[in-house]
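Engineer: Here it is, the structure, as structure tokens.
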Amino acid sequence: MKPPIFVLLLTILIVSCKESKQQNTTIETQKEVVVDTTNEKEEVLKIMKSYKDAIQNLTTEGTFQLFTQDVTVFEQGKVEGTYKDYIDGHLGPNLGILKVLHFQIIRLM
């Protein structure tokens with residue numbers, strides 16, 4: 001009876017050591033991440049301005065590179081699909097009939 005109990009205790013000890021090591025690694029990795037929010041905010045504003053400028057000029061030229069291919073676009077709480085779907089089925093036709101379009105970026109938190 002002693003060998004099975006010893007094997008069981010040894011197994012529990014090894015498993016708990018592995019879990020402890022994995023948790024410590026995760027914590028150390030999280031501590032190493034440093035984000036410069038000023039630069040991040042400036043980059044987001046540049047992208048938003050590029051998009052705004054294109055749309056106000058009633059074109060989508062250059063806007064596809066601002067979005068990933070798998071992005072999902074929402075407008076007024078409705079799912080529009082991918083950016084291509086949104087341009088093909090919604091925004092593109094609207095840009096074709098508009099003479100002027102103005103909007104502004106209110107605030108970026």
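Engineer: With a ≥ b ≥ c the root eigenvalues of the C-alpha gyration tensor of the stretch 53-109, is it rounded (a/c under 1.5), prolate (a/b larger than b/c) or oblate?
Structural biologist: rounded
Engineer: If I compute solvent accessible area with a 1.4 Å probe over the protein chains, what percent of it on the stretch 32-105 is carbon and sulfur?
Structural biologist: Working: 3040 of 5660 Å².
Carbon and sulfur together cover 54 percent of it.
Engineer: Same structure, new question: Full-extension gain between Leu58 and Lys41, please, as 0.36 nm times their residue separation minus the C-alpha to C-alpha distance.
Structural biologist: Details: separation 17, 0.36 × 17 = 6.12 nm, distance 2.58 nm.
Taking Leu58 through Lys41 to full extension adds about 3.5 nm, to one decimal.
The values are calculated or read from the model by the stated rules, or taken from the named source; none is laboratory data. This is a predicted model, so every value here is computed, not measured. When the accessible area is computed, the model is the full protein with side chains, heavy atoms only, and any ligands, DNA or RNA have been set aside. Shrake-Rupley method; radii C 1.70, N 1.55, O 1.52, S 1.80 Å.
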